[in-house]
């Protein structure tokens, strides 16, 4: 019998029960990690270049970039592999480069497609193009049509998870599976911690933060910077990655304006309106959640587990921060392959 689904925030008692379950999951996770060769001081963490798979650097990834001409604009994307398609959706303010390690590991099993959202990365759209999560979901449908892709396995992180849920609610027939990592969920969209950044975007000044990250790499990797706050090992983020992520966002006045408009468009919560649709979504879905992310606490992974009929449960990534999928692509690949049955 299906567990009772929630309609709102979890109760205190439920959170306590989850916390107890989370401790068990953490112990199981740490025990499993002990079986991996080369485990370091941080249990479960292996660099993206571990083993025989080596993540693409920025130059090699850029050489793979292609553009799809759609009614929304020229959508930048990287595709690897062949066969059934998997669509990888990045968060803010990153781009498809975030998934390079996962693409390398999963391209033997899927046609892996990592687009850049409108207003971010290297996608080119007009100054009048709407940049809301709903518009981004519509763009994805147009991109898939352009690429002659009927259905996909969705893999998403951060605000890309918002767009993944909207896409799945609007096009359930096009979604075979979903793998959701730390992202917006239900009432926690956007997280309250984003208020100041959204206000800066509405005032047209958030782009200055991106410029500072480019000008001051020490700041970028500090606790006050995006890499210091959202990565487990910010010192390992290479300068070419910082360039690849942030340089296009400040490349021109129009790109700066688009960056601000993208973030400002996240102010309104689009997920409450699709909650009933999500409760009807039967696509097998797995939540893989970092435990050290203040924006998206583990409680929301469990909300998805209780809400989605096709849920395959929650895996906790001990110590994982918001952008842990970039640092631990082997975990993304492991979970994706299990969900896909390959």
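Quick note: the coordinates plus some simple rules give every number you see, no bench work behind them. Computed from a predicted structure; not experimentally measured. Cβ placement follows ideal geometry from the backbone for every residue including glycine, while neighbour counts extend to all protein chains displayed.
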Highest mean packing first, using Cβ neighbours within 10 angstrom, the peptides 270-281, 137-148 sort as 137-148, 270-281
Could you give the semi-axes, largest first, of the ellipsoid that matches region 125-240, computed as the square roots of 5 times the alpha carbon gyration tensor eigenvalues and rounded to whole Å?
30, 18, 15
Please report the relative contact order for region 12-340, taking Cα pairs under 8 Å with a sequence separation of at least 6, and give it as a percent rounded to a whole number.
20
Rounded to whole Å, √(5λ) for the Cα gyration tensor eigenvalues of region 12-340, largest first, gives 27, 23, 21
Taking the C-alpha atoms of region 52-179, convex hull volume expressed per residue in Å³:
98
Checking rank on 306-318, 247-259, with mean other Cβ inside 10 Å and highest first, the result is 306-318, 247-259
Quick one: Cα convex hull volume of region 219-275, Å³ per residue?
126
DSSP beta bridges in region 12-340: the antiparallel percent, rounded to 5, is 30
